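Colleague: Submitted below is the structure of interest, expressed as structure tokens.
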Amino acid sequence: MPCISSGYKNKPICFYNSSGFVNGGKKYNYKSYLQKMTIKTFVFNPFQLNTFVVYDETKAAIIIDAGNSTTEENNELFNFIAQEQLSIEGLYYTHAHVDHIIGNNDILKKYNIEAYAGVDSDVFFENAEGHAKSLGFSFNKLITPLITIKDNDEVKFGNSSLRAISTPGHADGSICFYSEKDQFIIAGDVLFRDSIGRTDLPTGNFDLLARSIIDKLYVLPVGVKVYPGHGPTTTIGYEKSNNPFVSESEHL
């Protein structure tokens, strides 16, 4: 028998078999249960922005941050998606600084999808075209994302989901995307390896950013892998112990 009584509140002890495991009369496919999301990172545009394609075993996928700014970068991104036979279900933003949204129109037109950004990020999209020109980029009638993502919202695709965590301080509307199951967080420009996001840009606030990091990110398990908006990955544990700007001891 796959399950026997444990003697505690009639809770069963269950056993694996070749096709899955049985728990209380329900059968689950443990290969699917243990399947992790895949994260493909692309480094785009002069600001070296990390654009992420996140997908699971169903081939359903989302893109997080659109740094692609040239035909070559578009081809690199689109060719990967085609080769992996992915179905793109949405474009999501950690925040709306121009280096993160420059590829917005190309992605939305290519896949006929919607883009989503955090509440309070409206001002950045309203001023995106002028700001882009000042940085040497250009938008041709920016397709405005849906400004709908709130703290604790779930982003679902395929068999997977990410939880939105509101983390203002670098920019209003900043959102991190967290997977408790797979133990990773896509952190935008909130937290970097050995650094944090700038706070000298519009709506930036150091105290608010530090509070976001301490109250929202440093409470996560130390092994959680951090995928920042720029630069290499890190972990929550490493930054709590080593980050020179916001350390574990700096409980405000």
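Colleague: What does a probe at residue 181 reach in the stretch 142-175, counting residues whose amide N is under 19 Å from the point 7 Å along Cα→Cβ?
Modeller: Under 19 Å, as judged by backbone N against the label point of residue 181, lie 152-165 of the stretch 142-175.
Colleague: Given a Förster distance of 22 angstrom, what is the FRET efficiency for residue 58 paired with residue 144, based on the Cβ-Cβ distance and rounded to 0.05?
Modeller: Working: r = 29 Å, r/R0 = 1.33.
FRET efficiency, residue 58 to residue 144: 0.15.
Colleague: Want the number for residue 75 to residue 151: 0.36 nm per residue separation, take away the alpha-carbon distance, what's left? Don't skip to the end; give the middle numbers.
Modeller: Numbers: separation 76, 0.36 × 76 = 27.36 nm, distance 3.34 nm.
Between residue 75 and residue 151, full extension yields an extra 24.0 nm.
Colleague: For the pairs 36/109; 109/156; 59/133; 110/240; 141/181; 36/133, note any where the Cα-Cα span goes beyond 32 Å. Could the numbers behind the result be given before it?
Modeller: On the way: 36/109 29 Å; 109/156 21 Å; 59/133 36 Å; 110/240 40 Å; 141/181 39 Å; 36/133 40 Å.
Flagged as over cut-off: 59/133; 110/240; 141/181; 36/133.
Colleague: Counting other C-beta atoms within 10 Å, and keeping those with at most 13, which DSSP coil trypsin sites (Lys or Arg not before Pro) do you find in the stretch 115-153?
Modeller: Numbers: sites: 133, 141, 150; in loops: 141, 150.
Those satisfying the criteria are 141, 150.
Colleague: Right, next: Taking 22 Å as R0, compute the FRET efficiency from the Cβ-Cβ separation of residue 206 and residue 242 and round it to 0.05. Mind dumping the intermediate values first?
Modeller: Details: r = 19 Å, r/R0 = 0.86.
Efficiency, from the Cβ-Cβ distance: 0.70.
Rule-based calculations on the coordinates, nothing more; no lab input. These numbers were taken from a predicted model, which means no experiment stands behind them. So basically every Cβ, Gly included, is an ideal-geometry build from the backbone, and we count neighbours across all protein chains shown.
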